[in-house]
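As structure tokens, the structure follows; a few thoughts come after it.
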Amino acid sequence: MINCLNKRIILTVFLLFITIQFSFSQDSNFDFKNKNVLIVYGGYPPHQPKKFAKKVEKWLVKNNAKVTLSGSTEIYANDKIMSKTDLIIQSVTMLDIKRNELKGLSNAISNGTGLAGFHGGLGDSFRNSTEYQYIVGGQFVAHPGGHVFYDVNIIDKNDFITKNINDFNLKTEQYYMHVDPNNKVLATTKFSGDNDYWIKNAIIPVIWKKQFGKGRVFYCSLGHSMDVFDIIEVKEILKRGLYWASESKFNPEEELLSPLYQN
Ligand SMILES: [Zn+2]
């Protein structure tokens, strides 16, 4: 009797597990409806920017997006392409950006082109450009201890991007970032202090969204290596984040300014 009950419990748990896995492995229903997406990649080779670009391109094309790939930020200075772009996905770590390129990028986002990216590809792209950091809403400054185990805590469970996503943990670079305190933060991480003792219990945003002019900006600090994007939760966040950012021109502006400090 007990054995039989145990078997049923095990079977139920197993089926539940399979169902959860299955529902996450399905491509959530994101139709990019012929939207023009520009993927710009380059910089720091360990981040495998081209591989990331190709991986994202494959998923976008499958979901009806028209994708342009560029290995240079020069494309930001091309008004004709930029004015037609609905979403820019950038994976460019530690390079410089020319004035006219930055102007093109800034103008496009102000006019409603979305911007999305991960890790250093968006959060550590152009260290010399404060204007760029103003757009993104943050800048990488350190990853104490290199690759460490840490938790990602979802703090906004109602947002489209993080709804029904549970907290998760992983081993990768834990980004310590300087962040605009007015971003709408969706997930955070706490530092153990094992490496830099004075930041023990420091809490830093991992995922945020914000507005720049009419454009939606989405950022996630995970993504040092390709395997990070195979984590079920990260994969789902990636898809939703890209889709959300691509909608700036098609949906009314959201109230995203979320001041951390109160006067
Ligand atoms: Zn990295």
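Does the range 138-157 hold any residues that are within 16 Å of the ligand (Cβ to nearest atom) and either under 18 Å from A245 (Cα atoms) or touching a Phe, Trp or Tyr at 6+ places or on another chain (Cβ under 7 Å) (or both), and which are they?
Correct list: G138, F140, V141, A142, H143, P144, V152.
How many of the residues in the range 111-137 are closer than 24 Å to Y243 by Cα and either within 15 Å of the ligand (Cβ to nearest atom) or modelled with pLDDT under 95 (or both)?
9
Going by what's in this entry, would N182 be described as under 22 Å from V136 (Cα atoms), surrounded by fewer than 17 Cβ atoms within 10 Å (Cβ to Cβ), of a type outside the set (D, E) and touching a Pro at 6+ places or on another chain (Cβ under 7 Å)?
yes
Only one of E247, E233 is assigned to a helix (DSSP H, G or I), surrounded by fewer than 23 Cβ atoms within 10 Å (Cβ to Cβ) and either more than 11 Å from the chain's Cα centre (by Cα) or among the acidic types (D, E) (or both); which?
E233
Restricting attention to the range 44-53, and to residues there that are surrounded by 14 or more Cβ atoms within 10 Å (Cβ to Cβ) and either farther than 11 Å from S91 by Cα or in contact (Cβ under 8 Å) with a residue 24 or more places away in the chain (or both), which single residue is farthest from the ligand (Cβ to nearest atom)?
A53
In a loop (DSSP other than H, G, I, E, B) and in contact with a strand residue (DSSP E or B) (Cβ under 7 Å, 6 or more places away or on another chain), is that true of D151?
Taking the combined requirement at face value, the residue does not satisfy it.
What number of residues within the range 158-174 are part of a loop (DSSP other than H, G, I, E, B) and within 16 Å of the ligand (Cβ to nearest atom)?
Counting residues in the range 158-174 that are part of a loop (DSSP other than H, G, I, E, B) and within 16 Å of the ligand (Cβ to nearest atom) gives 1.
Could you give me the residue pairs with C-beta distances under 8 Å whose first residue belongs to the range 125-143 and is without any contact (Cβ under 8 Å) to a residue 60 or more places away in the chain, whose second residue is within 13 Å of the ligand (Cβ to nearest atom) and part of a helix (DSSP H, G or I) wherever it lies, and which are 6+ apart or on separate chains?
Within 8 Å, the pairs are Q139/G123.
The values are calculated or read from the model by the stated rules, or taken from the named source; none is laboratory data. None of these values were measured; they are calculated from a predicted model. Every residue, glycine as well, gets a Cβ built from its backbone with ideal geometry; the counts of neighbours run over all protein chains shown.
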